[in-house]
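Worksheet: the structure to be examined is printed underneath.
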Amino acid sequence: MAGAQETVPNDRKPSSMRAIGGRLFETVGPYSVIVGIIVLWEASAQWGDIDPFLLPAFSTVMSRFFADLFSGKMLMNAGLTLWRALTAFGIAGLLGVTLGILMARTVPVRWFSIPSFPSGCRRRKSRCFRFSCCGSACSTRRRS
């Protein structure tokens with residue numbers, strides 16, 4: 001029965017208005033949340049209860065954004081901000097790797113950096129609780 005078409009009862013057929021509304025919601029729906037947040041932001045800033053220094057109006061922010069973008073200040077400030085963020089990330093990474101190497105190689109640094117009450121520790125009967133979850137690499141763990 002390759003040529004036979006399946007019939008759908010009339011109460012199950014989608015109306016053309018419902019189909020159009022569904023397609024419209026699929027295309028416009030995700031943007032309605034963003035538009036709603038912007039409208040709420042503008043209304044709460046214009047209402048006057050919040051200090052404009054803490055919450056400027058959306059229109060004020062956009063006018064300042066485009067003024068800085070067209071004057072050339074935006075790209076310079078964005079570059080400086082990116083440079084500061086990357087520099088801080090590099091310093092943090094360097095300090096983290098250095099501390100990790102020191103923790104692996106020296107017992108006093110390992111002792112100082114391991115928390116007193118490690119989370120997820122399953123050993124309850126241990127004489128030296130501080131090093132109970134440290135594993136076999138810990139040379140200061142007491143042997144029973």
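No lab work stands behind these numbers, since they all come straight from the coordinates. Note that the structure is predicted; figures quoted are calculated from it, not measured. Positions of Cβ are generated from backbone atoms using ideal geometry, with glycine treated the same way; all protein chains shown enter the neighbour counts.
Take the Cβ-Cβ distance between Leu69 and Ala92 as r, set R0 to 25 Å, and report the resulting FRET efficiency rounded to the nearest 0.05. Between Leu69 and Ala92 the formula returns 0.25. Label-to-label distance for Phe25 and Val39 is 1.7 nm, based on points extended 7 Å past Cα in the beta-carbon direction.
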